Amino acid sequence: MMKRFCKNTFYGVIILLSFLFVACSEESNPQPQPEPDTSSFFIRGADLSLLPDIEKYGIQFYDKNGNVSDMLSIMKVAGCNTVRIRLWYEPVDENSSFEQVRDFAAKVKAKGMDVWLCIHYSDTWADPGHQTTPRAWSKLQLGELKDSVYQYTYRVVREIQPLYVQTGNEVNDGFLWPLGRISTGGSFYALMAEAVKAAKAASPTSHVMIHYAGLDGAAVFFNQLKYKNVDFDAIGLSYYPYYHGKDMSYLTSVMNSLSKNIQRPVVIAETSYPFTLQWYDNTHNLIGTADQLIDTFPASPEGQKSYMMRIRHIVEEIEQGAGFCYWGGEWVAYKGPNATNGSPWENQTLFDFEMKALPVLDVFKD
């Protein structure tokens, strides 16, 4: 049986406060969205952050029956209920900019899907090895940086009103380096507390997720957040077999432990799997050899689907398993077969080299 998105008793207080907030707000202020019924909600999500750029190239996509359709419609029909979108502070171009993310979020909502806003707190990619403070904040002292984090988070969450807010991306060693780096004694917990507080103030109906890459060290990381009284709502984990281990029983064990000990819903925030070891463009792919695979899941359309069905089953069996999100499903070789700056991920997308929906989309069914 599918597990439910279990909410902490704290949510009851949040709902009451949100009603009081609405009653006391001025007419000129935008109002938060009504509290959704998440008592039986399970995230069946996909990160489609590159789609706005891909659409500029006029790429034509096909559903499983070979009919032309746009990607968002294909995902909606397949059963995807949540779209994850990354946000950068001041990127070098419009990709992942606030304006692009705001407009894309509106399109996602218009299709009847929920928005999961992934705030990187950087001008570019943030991950366990890269958490570069935005250039505009690089000379700020801690007090000024805390204020900037609060004001920025409040503004973007207030504007977009996502159902899920992810404050930071793969923040294993903190974020906003060097001031927010855990391993060098930085003020990560104080900065994260500001981000979470701002998100909740801006949108009391949103659920705040903190995101960790991998399995090793996750228990210590989230226990520290709990000990430091950081008021987050959900745990997000990245799980890529090549990077985080091929033993899926260990994944189950870690998720079970986090669910019971941290008492928060647990989500696979990022995962993917190849449908082939071949390539379509001239950009080096991150996964391309058999030794990177789990033996029981070949790099084939059915192997990709079976892997994701296994991921979904694992999450559903966790007491507070709250869903999954496929990462890079949109990152087709949209710049053409000769591109050397194209996609390193086209063999792990949700669409084949002919841009037709793959069998893996069955994992999104309700």
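The values are calculated or read from the model by the stated rules, or taken from the named source; none is laboratory data. Given the structure is predicted, the values throughout are model-derived calculations rather than measurements. Please note: Cβ atoms are built from the backbone with ideal geometry, for glycine as well, and neighbour counts cover all protein chains shown.
Among what's in region 87-142 and is of a type in the set (Phe, Trp, Tyr) and surrounded by 20 or more Cβ atoms within 10 Å (Cβ to Cβ), pick the residue that is nearest to LEU72 (Cα to Cα). Filtering region 87-142 for residues that are of a type in the set (Phe, Trp, Tyr) and surrounded by 20 or more Cβ atoms within 10 Å (Cβ to Cβ), the one nearest to LEU72 (Cα to Cα) comes out as PHE104. Of everything in region 67-84 that is of a type outside the set (S, T, N, Q) and without any contact (Cβ under 8 Å) to a residue 60 or more places away in the chain, the residue that is surrounded by the fewest Cβ atoms within 10 Å (Cβ to Cβ) is VAL68.
Summed over region 134-161, the residues that are in contact with a helix residue (DSSP H, G or I) (Cβ under 8 Å, 6 or more places away or on another chain), among the polar types (S, T, N, Q) and closer than 21 Å to VAL92 by Cβ give a count of 1.
Restricting attention to region 216-225, the residues that are buried (at least 16 other Cβ atoms within 10 Å of the Cβ) and either under 20 Å from GLU316 (Cα atoms) or out of contact with any strand residue (DSSP E or B) (no Cβ under 9 Å at 6 or more places or on another chain) (or both) add up to 1.
From the list GLY328, GLY342, the one residue that fits, being modelled with pLDDT of 95 or more and over 20 Å from the mean Cα position of the chain (by Cα), is GLY342.
Yes or no: region 157-175 includes at least one residue that is under 27 Å from LYS246 (Cα atoms) and either assigned to a strand (DSSP E or B) or at pLDDT below 95 (or both). The answer is yes, given that some residue of region 157-175 is under 27 Å from LYS246 (Cα atoms) and either assigned to a strand (DSSP E or B) or at pLDDT below 95 (or both). When LYS146, LYS64, LYS56 are checked against the criterion of being of a type in the set (Lys, Arg) and without any contact (Cβ under 8 Å) to a residue 40 or more places away in the chain, a single residue qualifies: LYS56.
Here are ASP362, ASP366: which of them is surrounded by fewer than 22 Cβ atoms within 10 Å (Cβ to Cβ), touching a residue at least 12 places away in the same chain (Cβ under 8 Å), of a type in the set (D, E, K, R) and part of a loop (DSSP other than H, G, I, E, B)? The match here is ASP366. Filter region 288-327 down to the residues that are crowded, with 19+ Cβ neighbours inside 10 Å and in contact with a Pro (Cβ under 6 Å, 6 or more places away or on another chain), then identify the one that is farthest from PRO241 (Cα to Cα). Per the criteria, the residue is GLN320.
The residue pairs whose first member lies in region 331-343 and is surrounded by fewer than 18 Cβ atoms within 10 Å (Cβ to Cβ), whose second member is of a type in the set (Gly, Ala, Ser), and whose beta carbons are closer than 8 Å, counting only pairs six or more residues apart or on different chains, are GLY336/GLY342; ALA339/ALA333. Going through (1) farther than 25 Å from GLN224 by Cα; (2) part of a helix (DSSP H, G or I); (3) among the hydroxyl-bearing types (Ser, Thr, Tyr) one by one, TYR273 falls short only on (2).
Criterion first (of a type in the set (Lys, Arg), over 27 Å from GLU346 (Cβ atoms), in contact (Cβ under 8 Å) with a residue 12 or more places away in the chain and surrounded by fewer than 20 Cβ atoms within 10 Å (Cβ to Cβ)) does LYS228 satisfy it? Against the criterion (of a type in the set (Lys, Arg), over 27 Å from GLU346 (Cβ atoms), in contact (Cβ under 8 Å) with a residue 12 or more places away in the chain and surrounded by fewer than 20 Cβ atoms within 10 Å (Cβ to Cβ)), LYS228 qualifies.
Tallying residues that are assigned to a helix (DSSP H, G or I) and surrounded by 18 or more Cβ atoms within 10 Å (Cβ to Cβ) within region 236-247 yields 2.
Tallying residues that are in a loop (DSSP other than H, G, I, E, B) and either without any contact (Cβ under 8 Å) to a residue 12 or more places away in the chain or more than 23 Å from ALA213 (Cβ to Cβ) (or both) within region 344-359 yields 5.
Of all residues in region 121-156, those that are of a type in the set (Gly, Ala, Ser) and not in a helix (DSSP H, G or I) total 4.
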